[in-house]
Every structure is written in structure tokens, then in C-alpha cells.
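The values are calculated or read from the model by the stated rules, or taken from the named source; none is laboratory data. Keep in mind that what you see is a predicted model, and the values were worked out from it rather than measured. Here the Cβ positions follow ideal geometry from the backbone for every residue, glycine too, while neighbour counts run over all protein chains shown.
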């Protein structure tokens with residue numbers, strides 16, 4: 001089993017990335033192959049909305065005309081059994097870094113000129129969404145678009161089941177770390193995705 005995490009945080013070693021690291025460590029301990037893709041380390045260009053990747057029919061994702069790291073990231077996701085999408089909440093949604101990547105997943109839809117978009121067939125079974133907010137988790141869950149957007153993207157990528165790790169009251173001090181309760185939940189999710 002392969003688990004791939006896409007991290008859209010601007011802060012290395014911050015709360016979101018720490019939660020992802022805990023989750024991946026638990027999955028690895030259960031025998032999963034894990035990979036973390038930090039979008040800060042990759043060249044992700046803006047989608048130009050040319051729709052080249054959306055007009056060819058078929059179950060496989062369309063091919064993007066932009067030459068950057070996104071096709072390789074998507075190849076990694078295609079070869080994965082579980083995906084993790086992780087971003088802190090910035091201005092009531094995901095970071096611009098994650099949003100830039102999300103827009104490039106349009107290739108998982110079939111959208112011919114003159115028609116409406118339809119998702120293509122993909123093979124994912126599970127996904128986990130990880131978000132963190134300075135607001136309490138319940139307030140952030142219902143008052144922001146971050147978790148909803150990441151869930152929709154996971155479903156576009158073919159996730160049949162999407163679990164969520166919301167971390168509330170995050171980064172209330174400059175040196176705030178991952179709360180113990182979130183650490184336990186991340187490790188539980190990491191173990192659970194590998195279990196039969």
C-alpha cells in the first residue's frame with residue numbers, strides 16, 4: 001500500500017506538516033510505503049484554463065500542456081492507494097500554494113467544449129484531509145471553505161472515503177506545536193488507513 005501526502009503549508013515543520021509526519025509515520029510502521037510532497041519544493045505553475053487536459057474522453061486524467069512538476073506529482077498520486085491533502089486555513093480557505101495545485105487537478109475531469117464537466121474514473125480508495133486554523137475546530141469547520149474544498153478535490157481524485165483531521169486553536173503563539181490530541185488522532189488515522 002502506498003500513501004502520498006500533498007502539503008500546501010508555507011511553514012516547514014509547522015502544525016500541519018507535523019500532523020502529516022505523524023500520520024505517515026504511523027502508516028509506515030504498519031508497513032505502508034509513504035511519500036510526502038511539499039509544494040514549496042516543487043514548481044507548480046498557474047493553470048491557464050486552456051482546457052487541453054479536459055477535452056480528450058476516457059477514464060485516465062488528461063495531459064497538461066504546462067511543463068512543470070505537476071505531472072510527476074499527479075503520477076505519484078495515481079500510483080497511490082491513499083492520498084493526504086493538507087493545508088492550513090488562510091483567509092477562510094486553503095493557502096494560495098495549495099489552491100494553485102488544486103486548480104491543476106482539473107485534468108481529472110472530462111470537460112469537452114460546449115458541455116459540462118464530469119469526473120473521470122480513478123482508482124483511489126481512501127483520502128485524509130488535514131487542516132489547521134487559529135479558530136476552534138468546530139468554528140473553522142463550519143465557517144471556512146478549506147476542509148470542504150479539500151474534500152471535494154479528494155473526491156475528484158476518486159476517493160470513496162475521506163477522513164478529516166481538523167486542528168483548531170492552532171498557532172496561537174509563535175512557537176506553537178502540534179497539540180497532543182491532534183498528534184494522537186493523526187497517528188490513529190495513519191494506522192487505520194493501512195488496516196484491512
* How many of the residues in the stretch 21-52 are under 18 Å from residue 99 (Cα atoms), modelled with pLDDT of 95 or more and surrounded by 13 or more Cβ atoms within 10 Å (Cβ to Cβ)? -> 9
* Out of the residues in the stretch 178-189 that are touching a strand residue (DSSP E or B) at 6+ places or on another chain (Cβ under 8 Å) and not in a loop (DSSP other than H, G, I, E, B), which is farthest from residue 162 (Cα to Cα)? -> 182
* Structure fact -> Counting only residues that are out of contact with any helix residue (DSSP H, G or I) (no Cβ under 7 Å at 6 or more places or on another chain), surrounded by 19 or more Cβ atoms within 10 Å (Cβ to Cβ) and outside any helix (DSSP H, G or I), the stretch 130-146 contains a total of 1
* Asked: From the set of residues in the stretch 151-182 that are touching a helix residue (DSSP H, G or I) at 6+ places or on another chain (Cβ under 8 Å), in contact (Cβ under 8 Å) with a residue 60 or more places away in the chain and under 30 Å from residue 78 (Cβ atoms), which is surrounded by the fewest Cβ atoms within 10 Å (Cβ to Cβ)?
  -> 178
* Asked: Any idea which residue in the stretch 91-129 is surrounded by the fewest Cβ atoms within 10 Å (Cβ to Cβ), counting only those that are more than 14 Å from the chain's Cα centre (by Cα) and free of Cβ contacts under 8 Å to residues at least 12 places away in the same chain?
  -> 114
* Does residue 62 satisfy the condition of being more than 17 Å from the chain's Cα centre (by Cα) and either within 20 Å of residue 159 (Cα to Cα) or modelled with pLDDT of 95 or more (or both)? -> yes
